[in-house]
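The structure appears below as structure tokens.
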Amino acid sequence: MNNTMTLNDSLTLSWPDGFHVMNEEERKKLTFYGDGPSEVISDPERHIIVSVGWKPLGGFAGMLLGTRDIAKTMEKKLSRPMQAYGWRSGGALTKAVDGEKTEGFCYEYETQGIGMYGESYAVKREKTLYYLHFYARKALKSESLEVWEAILASAKWR
């Protein structure tokens, strides 16, 4: 994997050839969860989109909220606008990203008559929330998940 990005001077991810960093024009066509800065990569041949972002967690809420709570809130916020696309929750997931436990969920929906599969994760590291979203065509789910797993396996915290 030759392509690399570093988020918030803290998390480095790599991805295989075929992906490109989406520009603002491309990103405007999409809806993502997250308030802070983010990067979005896309592989149009494989029909995969990955969005990764971060947001400082300040004050009392940042101390009290756990990653599971954040993931549940993220699922509620993401599912609301996706109801119009036939959102179906696939349940909770956990993964390790370079040793840090993430909490998340998977889901399915349809857009323009195409079945889609998604996974979203949250990880709280120090006073920052990182969120990772993966979108792929449902018909290509197995092959796409292999790519997603490779991207996550490349993750390194500084």
*Please state, to two decimals, what the Cα-based radius of gyration of the stretch 11-158 comes to when divided by 2.2 N^0.38 Å (N = residues).*
1.00
_Rg(Cα) / (2.2 N^0.38 Å) computed for the stretch 58-144, rounded to two decimals_ = 1.17
_As an exercise, identify the GluC sites (Glu not before Pro) in the stretch 49-158 lying in DSSP coil whose Cβ has no more than 10 other Cβ atoms within 10 Å._
126
_Between 64, 145, 93, where does the largest GNM mean-square fluctuation fall for the chain, given springs only between Cα atoms within less than 10 Å?_
64
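Can you sort 63, 5 by solvent-accessible area, 1.4 Å probe, largest first? Display every interim value, and only then the final one.
Working: 63 140, 5 30 Å².
Largest to smallest exposure gives the sequence 63, 5.
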*What accessible area per residue, rounded to a whole number of Å², is obtained for the chain using a probe radius of 1.4 Å?*
53
_Counting only protein heavy atoms and a 1.4 Å probe, tell me what percentage of the chain's accessible area is made up of carbon and sulfur._
49
*With every protein chain present, what accessible area does residue 117 have (1.4 Å probe, heavy atoms only), rounded to the nearest 10 Å²?*
10
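The values are calculated or read from the model by the stated rules, or taken from the named source; none is laboratory data. Note that the structure is a prediction, hence the values are computed from the model and not measured. Glycine also receives a Cβ, built like all others from the backbone with ideal geometry; neighbour counts cover every protein chain displayed. The accessibility values were calculated without ligands, DNA or RNA, using every heavy atom of the protein model including side chains. Shrake-Rupley method; radii C 1.70, N 1.55, O 1.52, S 1.80 Å.
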